[in-house]
1. Average projected area of the Cα convex hull of the stretch 77-200, in nm²?
2. Using 0.36 nm per residue of separation minus the Cα-Cα distance, give me the extension gain between Tyr137 and Lys152 in nm, one decimal.
3. What is the pair-distance distribution P(r) of the chain, computed from all Cα-Cα distances in 10 Å bins starting at 0, with each bin given as a whole percent?
4. To test your reading of the geometry: what angle, between 0 and 90 degrees and rounded to tens, separates the Cα axis of helix 3-18 from the longest principal axis of the chain?
5. What number, rounded to the nearest 500 deg cm²/dmol, is the helix-based mean residue ellipticity at 222 nm of the chain, given -39500 (n - 2.57) per DSSP H run of at least four residues and division by all its residues?
6. Going by C-beta contacts inside 10 Å, put His43, His116 in order with the fewest on the left.
7. Among Leu42, Leu64, Leu35, what is the fewest-to-most ranking by other Cβ atoms within 10 Å?
8. Can you give me the Cα centroid spacing of the stretch 52-66 and the stretch 83-145 in angstrom?
Amino acid sequence: MNNSTLRLALALIVGTAIGSGQETFDMKVERVRVLRKTRGDLHVDIHGVTFRSDDKKTEIQIPLANLRRVDVADPKALHFELFERREYTFRGLADAPVAALARFFAAHTARPVSGHYAESSIFRIPAYHRRRITGTYGMLEIGAESIQYVSKSASDSRTWLYRDIETIGRPYALQFRVSAGKETYVLELQERMPQAAYDLAWNNVYGIGER
């Protein structure tokens, strides 16, 4: 099996795996705007994202094909960016199913998705993600289909499918970097990463045999 055939087979496996979850979502949200906030209902399915305000004055329809960027990592800021430079942010009024939403958008859009859902892993390395003021402890997980950072903080956890990753790197032995879309994660490792783990990630991001 040549490299192209192998990559196609892996893509089909990933698509089947991530596409096996929930397909319809309905939730109460608040549309976040500079001047005012509007409450309403957010509906998500294979046709797109629809918001209808409680006062019946506003209806927003976003086809999935028009999404340039999706960020559903934080239920307080469900963010959708369109190709025509329009952006919409919604805050979940109850616990939004962010993991299921992330899996759904990863399965049905070709664009990178900021969010987290559980994937199988082969290597697990304790790590720390430093934010501007504070940070979170978690686990860097590397598997056959994805790289994950799994933290107790849901909004800090991420699943990066290999298809969406632009670059990875090791600035030094105890640091690991992942860049996808507009987001770059730099993780401080609490243990040394096995060379086999880095090789697995490298080969999946840049192509087997091209290192």
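1. Numbers: hull surface 33.2 nm².
Orientation-averaged projected area of the Cα hull: 8.3 nm².
2. Working: separation 15, 0.36 × 15 = 5.40 nm, distance 0.76 nm.
Gain on stretching Tyr137 to Lys152: 4.6 nm.
3. Reading the bins upward from 0: 8, 33, 32, 19, 6, 1.
4. Once rounded, the angle reads 40 degrees.
5. Calculated at 222 nm, the ellipticity per residue is -6000 deg cm²/dmol.
6. Numbers: His43 16, His116 23.
Going from least to most buried by this count: His43, His116.
7. On the way: Leu42 22, Leu64 18, Leu35 4.
Ranked by crowding around the Cβ, least crowded first: Leu35, Leu64, Leu42.
8. That distance is 24 Å.
Each reported figure results from applying straightforward, stated rules to the coordinates on display, with no laboratory input. Since this is a predicted model, take the numbers as computed values, not measurements. Cβ sites come from the backbone with ideal geometry, for glycine too, and all protein chains shown count toward neighbours.
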